[in-house]
Amino acid sequence: MAMTLSQKILAAHAGLDNVVAGQLITADLDLVLGNDITSPVAIKEIEAHGGGKVFDKSKIALVMDHFVPNKDIKSAEQCKCCREFARAQGVENFFDVGQMGIEHALLPEKGLVCAGDLVIGADSHTCTYGALGAFSTGVGSTDMAYGMLTGKAWFKVPSAIKVVLRGRKKQHVSGKDVILHLIGIIGVSGALYKSLEFTGDGCADMTMDDRLTICNMAIEAGAKNGIFACDDVTLAYLKEHCKRAPGVFEADADAEYEREVIIDLGSLEPTVSFPHLPENTHKVSETGDIKIDQVVIGSCTNGRISDLRAAAEVLKGRKVADGVRTIVIPATQSIYLQALEEGLIKTFIEAGAVVSTPTCGPCLGGYMGILASGEKCVATTNRNFVGRMGAADSEIYLASPYVAACSAVLGRIGVL
């Protein structure tokens, strides 16, 4: 029976010749991920049921990134719980202050995910790793606990939507614009519990950073996962970062898809999602005169070196507008160091921005950029729900690093 790319990976890890949409399976895991918010819940669940050893200390990754460096006593206790568990269990991939980064940028960088892998993480944006040709998806902390102990997880095999990318992007159009455009078409529940499988000749125009951004936001369309097939771009990235041999899977030519969406990349323009849902998309040229109070450039969606370069190109020799707080957050220590060596950090500071250590802080309304009542922010993050970044009546506009940097200079949403 014909299978999609995601179904191929799930079948292989379940030890089955075939799987079909809706089928319940148990599959072997290549990696289990948790962070400083979700891991303590899983750890306490394990302790409440008598403890036990993790199934493979090399296949657990605990990344302290949401409130790190710790913002208060509670966040410090959360990290202490993870730290003690990792030490007791001998977890090899524990990333704390000094080594940590935003988890979904850090794991690919460290080579912990490879093509063909099956990955679960107690964070909804675990779907990011589909950019590497892996099946990766977010789960709850109890499923994380079970996965850490057994190396297994249960899945309902998803049906799929084929997203056909055609042509080439215009200048200043990025993967962020592609995924915002797609979510604008299908809506925030348009791919509910489905796999978004990206294909077409336009994939060749997608850098790995573009793909990571696109798959990161698959969950914003309700998708179980997003995934690109392993190609030359994937193999080149994995050769640089991962020591394991990739598992290359391909969808069958006659695989069944619930829907096909065709995107002409050449027709796309820089795009902005208005409050309070990612599906509320508008071309930046049609946004009108919306004055802003803050810009955040970073997160697991857009904190990679190419994102910082795009922002720095705009900010070089310019100043952020009076009254606009501009916060730049490199996603990992390695990216931070590279940005420093390339002079990007100097550019940001000279432009009037501040640069933070890697953290998820402002994206989830934690710290490092909370919005007050009525304030408006352009962010390269992934969600703009009510109260996501602070006050319930604040507003978040999602955009690419290019648009965010331009908006910081203009003091309103727009491009230069």
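The values are calculated or read from the model by the stated rules, or taken from the named source; none is laboratory data. None of the values given here were measured: they were computed from a predicted structure. Cβ sites come from the backbone with ideal geometry, for glycine too, and all protein chains shown count toward neighbours. Side chains are part of the model used for accessible areas, which takes the heavy atoms of the whole protein and leaves out ligands, DNA and RNA. Shrake-Rupley method; radii C 1.70, N 1.55, O 1.52, S 1.80 Å.
Below, the figures for the structure above:
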item	result
Among residues of the range 244-277, those that are open to solvent by less than 80 Å² (accessible area, probe 1.4 Å) and under 30 Å from residue 20 (Cβ atoms), counted	9
Members of the range 33-55 found to be open to solvent by less than 50 Å² (accessible area, probe 1.4 Å) and in a loop (DSSP other than H, G, I, E, B), listed by number	36, 38, 51, 52, 54
Test result for residue 241, modelled with pLDDT of 95 or more, surrounded by fewer than 18 Cβ atoms within 10 Å (Cβ to Cβ) and either in contact with a strand residue (DSSP E or B) (Cβ under 6 Å, 6 or more places away or on another chain) or not aliphatic (A, V, I, L, M) (or both)	yes
When residues of the range 355-373 are limited to those that are aliphatic (A, V, I, L, M) and under 24 Å from residue 125 (Cβ atoms), the one farthest from the chain's Cα centre (by Cα)	371
In the range 56-106, residue surrounded by the most Cβ atoms within 10 Å (Cβ to Cβ) [restricted to those that are under 19 Å from residue 141 (Cβ atoms) and among the small types (Gly, Ala, Ser)]	61
Some residue of the range 121-131 being buried (at least 24 other Cβ atoms within 10 Å of the Cβ) and within 23 Å of residue 254 (Cα to Cα)	yes
Top-ranked residue of the range 170-202 - restricted to ones that are touching an Asp or Glu at 6+ places or on another chain (Cβ under 7 Å) and more than 15 Å from residue 283 (Cα to Cα), ranked as surrounded by the fewest Cβ atoms within 10 Å (Cβ to Cβ)	187
Selection from the range 313-328 of residues that are surrounded by 23 or more Cβ atoms within 10 Å (Cβ to Cβ) and without any contact (Cβ under 8 Å) to a residue 60 or more places away in the chain	328
Residue match in the range 221-235 (condition: of a type in the set (Gly, Ala, Ser), part of a strand (DSSP E or B) and open to solvent by less than 60 Å² (accessible area, probe 1.4 Å))	yes
Of all residues in the range 379-411 being among the aliphatic types (A, V, I, L, M) and open to solvent by 10 Å² or more (accessible area, probe 1.4 Å), the one that is nearest to residue 312 (Cα to Cα)	409
From 335, 396, 327, 345, residue being within 23 Å of residue 97 (Cα to Cα) and assigned to a strand (DSSP E or B)	327
